[in-house]
1. What relative contact order, as a whole-number percentage, does chain A give when Cα pairs under 8 Å and 6 or more residues apart are counted?
2. Estimate the FRET efficiency between residue A:73 and residue B:89 by the formula 1/(1 + (r/R0)^6), using the beta-carbon distance for r and 51 Å for R0, to the nearest 0.05.
3. Does chain A come out rounded, prolate or oblate by the C-alpha gyration tensor, with a ≥ b ≥ c the root eigenvalues, rounded set by a/c under 1.5 and, if not, prolate when a/b is larger than b/c and oblate if not?
4. Helix A:13-24 versus the longest principal axis of chain A: what angle, 0 to 90°, nearest 10, using Cα atoms?
5. Which of these, A:76, A:13, A:48, has the largest mean-square fluctuation under a Gaussian network model of chain A (Cα springs below 10 Å)?
6. Under a point spin-label approximation (7 Å from Cα along Cα-to-Cβ), what is the residue B:298-residue B:5 distance to one decimal in nm?
7. Using a Förster distance of 35 angstrom, determine the FRET efficiency expected from the C-beta separation of residue B:53 and residue A:25, and round it to 0.05.
8. Across the Cα atoms of the range B:229-280, what radius of gyration and what greatest pairwise Cα-Cα distance (Dmax) are found, in Å?
């Protein structure tokens, strides 16, 4: 399934959120941080150290590609990142795995819940 | 202030990480709210530890050093071997394992019923300056004509090995015939050259406890034959065997075997007792300063 992307699973929460943020559009680091906070309604926040540590790892694995600076940006120090095809496959595999987990959890919770007379 | 501190912590990151992401991290700090700046600083500190401890694979600077360094004439100046960086988890596991093995070894030594390790090692005693000065005076007596004739003296085998440092020792002195130790004119001269104060000697295992036969078996007067015989006294004192060459100091003999003894104060000299057909000790060989003296026991 998913060209062997399963061997990278499960992903850490930080990796999952970063890939998820980059799945929609190309973002710079600060944009990724804001998007991650938005995904979790502010419950999960990435610090810059954690973010760039994960980005370093993801670039090495070629799940994420660095696009460099954009001239029109308001801060010239920002670099943009995008998801590669491999990163997208890994994200899809993780999403499918999580969907299975959620389905299994819902199923068990319904069985385990007390029946009403 | 906080920004300066943040930049300092960023500078401490590995060069590759700092060059690649330092500007962006600083940019995030500049755009963040002021109340979040302290949290970002903490995050940067955690990142610092994480990058140095857990991410050694992302430190390429040493790899750059491996490439040949070109000089102005394009000749490589030196090469270095490829660096080996163990994983941090491997280092931690090794530390824990080493500590466990060390503790287990200490426990085994302390509580084991096998006592093979209870070996007494004689302490090494070095000569002090106070002991060497009188001996330098004693060098004047080296060419004393009273030394036994060459026929009674032959080269002795080195024991212990000659590589050991050997302090200077006075030569054997020959007192007048048939005189007791420390008596007579010649003895008086020698006494003045002997050290006045005996230094404290560390405790060693007593000869009585180590020898299978009583100390009295060795005790006696041994005489090196010659025109002017040399007298050697062997005494048992406080469970130890003492040797006194007439005119010299008493020296403790440390048993190496039932017949071989090392002279404690020198380390290089030794004594061997020889037995006759009945098993009684009747002779003594003294190996001293590369010479061998054979002395017969007075009955």
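1. On the way: 120 pairs, mean separation 37.0, N = 117.
Rounded, it is 32 percent for chain A.
2. Numbers: r = 39 Å, r/R0 = 0.77.
My answer for the efficiency is 0.85.
3. Here chain A falls in the prolate category.
4. 70 degrees
5. A:76
6. Between residue B:298 and residue B:5, the simple spin-label model gives 9.0 nm.
7. Values: r = 34 Å, r/R0 = 0.98.
Plugging the Cβ-Cβ distance into 1/(1 + (r/R0)^6) gives 0.55.
8. For the range B:229-280, the Cα radius of gyration and maximum Cα-Cα distance read 11.5, 32 Å.
Quick note: the coordinates plus some simple rules give every number you see, no bench work behind them. Just so it is clear, the structure is predicted and the values come from calculations on it, not from any experiment. For neighbour counting, all protein chains shown are included, and Cβ atoms are generated from backbone atoms with ideal geometry for every residue, glycine included.
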